[in-house]
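**Q** Got a structure for you, questions after.
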Amino acid sequence: MQNIIEKFVDRERLTGPNPFLLTRVMTKITSPAVEKTILHPSLKFALVVGGLVSAVAGGIALGSTYSTRTNNEKVLCINDTQIENFGFYYTIGEE
Amino acid sequence: MNDSDIIRNVLNGDQNKYSLIVEKYQSNVFRTVMGFVHQKENAEEITQDVFVKAYYSLKSFQGRSAFNTWLYRITVNLCLNFLNKKKRRKIWSLFTDSFQLPMKEKFVITQMEEAEEFRIVQKAIDSLSEKQRTAFVLSKYEELSQKQIASVMNITEGAVEQLLQRAKINLKKKLNRHVGK
């Protein structure tokens, strides 16, 4: 068991770094630093909270614009086309 | 020229002297990083970051510990940060890997049998806790003494001994489970 671990460690230890590593590091150090615009963690947190608050507020505002409209007028719709047909059969029966 | 002379020169504005530091410690840093990430490309990136970070933090180095101890601390911290980020991305990578599988498969299958043993060891090392893993890597990859490891990890030598013992037991358990089958 110990042999397997040692074999594995030895294999990884034999892996060498890139011969240009030194050049790459020195280039990074000597080249003018590019300032990254990274948001401050507290600002990030504030933005997330602000986003959540505005989403909730927007939802409430949209919800309150909805109003239930009730219609008190009653309308009766009667299809009278079939009534005439009954009349027709009635007159036939009398004959 | 010893480390403190080089550092003094660098802090006085002689940037090029920093190359002596990189040259001297690049193999040590790279080996340590390999112990954590096991992948050459990632190890090179992290090694580069270690030296860049060390350069910009050089002013904060007070010389209370040896320079290499301070450098090892930066190395371990960056490695652990990398692994934590990787863990967070794991779900996403599992998803994307499922699309890449057909392309990878051929390559993996040819190498799988010979690498199986190493894969199991790697998995076992990766499953150790952060502290056990740090102690194990510094001891096995860098062959640091327990005193040096204690200094890097800011713990007592006894605690290092304990961590190494626990790491050994855990590795044995995990390997027995796989290899012993």
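The values are calculated or read from the model by the stated rules, or taken from the named source; none is laboratory data. Being a predicted model, the structure only gives us computed values, none of them experimental. In this analysis, Cβ positions are derived from the backbone assuming ideal geometry, glycine residues included, and neighbour counts consider all displayed protein chains.
**Q** Exactly one condition in (1) in contact with a Ser or Thr (Cβ under 8 Å, 6 or more places away or on another chain); (2) more than 8 Å from every other protein chain (Cβ to nearest Cβ); (3) among the aromatic types (Phe, Trp, Tyr) is not met by B:PHE30; state its number.
**A** If we test B:PHE30 against (1) in contact with a Ser or Thr (Cβ under 8 Å, 6 or more places away or on another chain); (2) more than 8 Å from every other protein chain (Cβ to nearest Cβ); (3) among the aromatic types (Phe, Trp, Tyr), just (2) comes out false.
**Q** Out of the residues in the stretch B:1-19 that are surrounded by 17 or more Cβ atoms within 10 Å (Cβ to Cβ) and more than 10 Å from chain A (Cβ to nearest Cβ), state the one that is nearest to B:ALA124 (Cα to Cα).
**A** Looking at residues that are surrounded by 17 or more Cβ atoms within 10 Å (Cβ to Cβ) and more than 10 Å from chain A (Cβ to nearest Cβ), I get B:ASP3.
**Q** Give just the number: which of (1) among the β-branched types (Val, Ile, Thr); (2) modelled with pLDDT under 70; (3) surrounded by 10 or more Cβ atoms within 10 Å (Cβ to Cβ) does A:VAL49 not satisfy?
**A** Condition (2) is where A:VAL49 drops out.
**Q** Which one is nearest to B:GLN39 (Cα to Cα) among residues in the stretch B:131-160 that are loosely packed, with under 14 Cβ neighbours inside 10 Å and out of contact with any Asp or Glu (no Cβ under 7 Å at 6 or more places or on another chain)?
**A** B:GLU143
**Q** Of all residues in the stretch B:33-65, which are touching a Leu at 6+ places or on another chain (Cβ under 9 Å) and at the interface with chain A (Cβ under 7 Å from one of its Cβ atoms)?
**A** The answer is B:GLY35, B:GLU44, B:THR47, B:GLN48, B:PHE51.
**Q** Scan the stretch A:1-31 residue by residue and report those that are within 8 Å of another protein chain (Cβ to nearest Cβ), among the β-branched types (Val, Ile, Thr) and within 20 Å of B:VAL29 (Cβ to Cβ).
**A** A:VAL9, A:THR15, A:VAL25, A:ILE29, A:THR30
**Q** For B:LYS85, all conditions in the list (1) of a type in the set (D, E, K, R); (2) without any contact (Cβ under 8 Å) to a residue 12 or more places away in the chain; (3) touching a helix residue (DSSP H, G or I) at 6+ places or on another chain (Cβ under 9 Å) hold save one; what is the number of the exception?
**A** For B:LYS85, the failing item is (3).
**Q** Look at the stretch B:20-36 and say how many of its residues are charged (D, E, K, R) and over 30 Å from B:SER127 (Cα atoms).
**A** Adding up the residues that qualify gives 2.
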